[in-house]
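S.K.: Sharing a structure with you now.
Where a number appears in this text, it was derived from the coordinates with a stated rule and is not lab data. Note that the coordinates shown come from a computational prediction; the quantities given were computed from them, not determined experimentally. For neighbour counting, all protein chains shown are included, and Cβ atoms are generated from backbone atoms with ideal geometry for every residue, glycine included.
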Amino acid sequence: MVLYPTCSMWLRRSMLIMGVLAACCTQAWAQILQGPDALAADLCACMDHVDTRASDASVNAAVKGCLESAVLRYPAAVNRLLAGQPGTGDRAYALGRSLGSLLRRDCPGFDAVRVRLQQAQGAAPAKRGTL
């Protein structure tokens, strides 16, 4: 009879620890398992909030913030996008191409941002990396 309360406490404590671990791990695995579509949807939502009437510096900063947060939030999706790119050239350029093609296909707000960025650069051709 003395062991029953101790076992019960141990069981409760173990269940609590397992529950906390499951909650933490589930969230981490959910981010790992999300693919490029989740990355593109999040990035598209962020691009929709970029104020294209703002100054060049503000637009550039907003787009940079969108890209940085998406890359940090979805590292597994970024790796999957990069794995699908041929060559071993500039990975940032390859990622930009992949994200650009995803956004052009599914994100109407991206077109306005893309046009605004081109205007800010004086309609200079896009930089080319080595692929």
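S.K.: Computed FRET efficiency, Cβ-Cβ of Arg80 and His49, R0 35 Å: what is it to the nearest 0.05?
M.R.: 0.85
S.K.: So, one more: Please find the FRET efficiency linking Ala57 to Ile17, where r is the Cβ-Cβ separation and R0 is fixed at 41 Å, and quote it to the nearest 0.05.
M.R.: Details: r = 49 Å, r/R0 = 1.20.
The computed FRET efficiency comes out at 0.25.
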